[in-house]
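Below: one structure, written as structure tokens.
The values are calculated or read from the model by the stated rules, or taken from the named source; none is laboratory data. Remember, predicted model here, so these are calculated numbers, not experimental data. Ideal geometry is used to build each Cβ from the backbone, glycine not excepted, and the neighbour counts take in all protein chains shown. In case anyone asks, the SASA skips ligands and DNA or RNA and just uses the protein heavy atoms, side chains included. Shrake-Rupley method; radii C 1.70, N 1.55, O 1.52, S 1.80 Å.
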Amino acid sequence: MTIIVTGSIAFDYLMSFPGRFTEHLMPEHVQRVSLSFLVDSMDKRRGGCGPNIAYTLALLGERPRLMATAGQDFPEYRQWLEAAGVDTSLVLDVPGKFTASFFCSTDQENNQIASFYTGAMANAPELSFRSVGDVDLAIISPNDPTAMLQYADECRVLDIPFIFDPGQQCARMDGPALAEGITGAHMVICNDYEFELIRQKTGMSEPDILNQAALLVITRGEEGCTILTRGDRINVPAVPPARIVDPTGVGDAFRGGFMKGLAMEASLEVCGQLGSVAATYALEHLGGTNHAYTWEEFAERYEQNFGAMKG
């Protein structure tokens, strides 16, 4: 199956705060916030939604094609992705710019405060599905908002099944833009907080979204996920982690696992279960691409939690 993954390419700067952010937020002063948190560790990691999703697909035996933009600091990252099994031939190097960067602090309760520098991601509209040949499945994950809507429109015109994954851009995109991205999607995926933003901005309920898309998946952290179609509702539990290290990239790993199930033509329940296993591997490591496993190891963990894999 030819799978195209679109989304940001970024470097993640991940920091740990040895306290609770909520203890420093005063409701009576939220109109004027000026806070600085002294962190006790920082790591620079390869990241971005596009590579995170593509990496999980590659671990699971697929050869995804990453379609995204990167800056002058990308060559080493490109080499690493290729070695991991990701096709980067569609990645555009933008001269004179740095790759997008994600700065994220995580507290003891896994709450996160983050900032994102767009860098070369702003050039994402220069890429197009019209020049990539046959595509069986595409995911439009968080990226330059203009590019996300452009890709969705191209997929509709070219009859490419696509997953609309607005993610962090739910905060940036307005209601009409979110509704446009949802229209005609094979699948819409978001977490429960993002779904509430979509509902508030678009006025669309679960049934309204399912009138525009065949499938809606809402992830719920440690409570697993809910998979909705026009005639069914499936709840899939999360896989308990051996340890909790960092939530960064967990949602992207879930998406990669779910897409592996779609590529296998597995049932939607199995797709969700594959996503849950993949997500837990990411949760147990720092960063979205710092874990690894073989298909045999993955399948064993799947069976430990869900039994023999069904069709």
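Computed over region 1-128, relative contact order equals 32 percent, with contacts defined as Cα pairs under 8 Å that lie 6+ residues apart.
A value for Rg/Rh (Cα atoms, Kirkwood Rh) was derived from the coordinates, and within the list (1) 1.10; (2) 0.95; (3) 1.05 it appears as (2).
Between 111, 191, 143, find the one with the highest GNM mean-square fluctuation for the chain; connect C-alpha pairs within less than 10 Å. Greatest mean-square fluctuation among the candidates belongs to 111.
Which residues make up the longest stretch of the chain clear of trypsin sites (Lys or Arg not before Pro) that lie in a DSSP loop with no more than 11 other Cβ atoms within 10 Å, not counting the sites?
On the way: sites that count: 32, 230, 243, 310.
No qualifying site falls inside 33-229, the longest such stretch.
In region 238-298, the inverse of the mean reciprocal separation of distinct Cα atoms equals 11.4 Å; this is its Kirkwood hydrodynamic radius.
Between residue 117 and residue 157, full extension at 0.36 nm per residue minus the direct alpha carbon distance yields a gain of 11.3 nm.
Quick one: dipole size for the chain, taken about the Cα centre, charges +1 on Lys/Arg Cβ and -1 on Asp/Glu Cβ, in debye to the nearest 20. Mind showing how you got there, number by number?
Details: 22 positive and 40 negative charges, 48 e Å.
Charge dipole of the chain: 240 debye, to the nearest 20.
Contact order for the chain, expressed relative to its length and based on alpha carbon pairs under 8 Å spaced 6+ residues apart, stands at 16 percent.
Taking the Cβ of residue 3 as the center, what net charge do the other residues with Cβ under 15 Å away carry, scoring Lys and Arg +1 and Asp and Glu -1? Before the final figure, lay out the partial values.
Details: positive: 63, 65, 255, 260; negative: 62, 87, 134, 136, 165, 252, 265.
Neighbour charge sum, excluding residue 3 itself: -3.
Sum up the charges of everything whose Cβ sits under 13 Å from the Cβ of residue 143, counting Lys and Arg as +1 and Asp and Glu as -1, but leave residue 143 out.
Numbers: positive: 172; negative: 126, 144, 165, 252.
With Lys, Arg at +1 and Asp, Glu at -1, the neighbours total -3.
Note on residue 37 and residue 83: their simple-model spin labels are 3.3 nm apart, each label 7 Å out from Cα toward Cβ. With a cut-off of 11 Å on the backbone N, the residues of region 107-141 near the modelled label site 7 Å out from residue 23 along Cα-Cβ are 108-109.
Think of it as helices only: each DSSP H run of n ≥ 4 in the chain is worth -39500 (n - 2.57), and spread over all residues that comes to -10000 deg cm²/dmol at 222 nm. Here the Kirkwood formula, the inverse mean of 1/r across different C-alpha pairs, assigns region 58-109 a hydrodynamic radius of 12.6 Å.
Taken about its Cα centre, region 171-311 carries a charge dipole of roughly 160 debye when the Cβ of each Lys and Arg holds +1 and the Cβ of each Asp and Glu holds -1. Within the listed set 262, 35, 215, the residue fluctuating most in the Gaussian network model of the chain (springs between alpha-carbon atoms under 10 angstrom) is 35. Every Cα-Cα pair of region 19-91 was included, and the share exceeding 16 Å stands at 61 percent. Accessible surface for region 1-124, divided over its residues, is 49 Å² per residue with a 1.4 Å probe.
Taking the Cα centre as origin and putting +1 on Lys and Arg beta-carbons and -1 on Asp and Glu beta-carbons, what dipole magnitude results for region 119-181, to the nearest 20 debye?
On the way: 3 positive and 10 negative charges, 28 e Å.
So the dipole magnitude of region 119-181 works out to roughly 140 debye.
Note on region 160-300: Cα-only Rg and Dmax are 14.9, 44 Å. Computing FRET efficiency as 1/(1 + (r/R0)^6) for residue 243 and residue 136, where r is the C-beta to C-beta distance and R0 is 35 Å, gives about 0.45.
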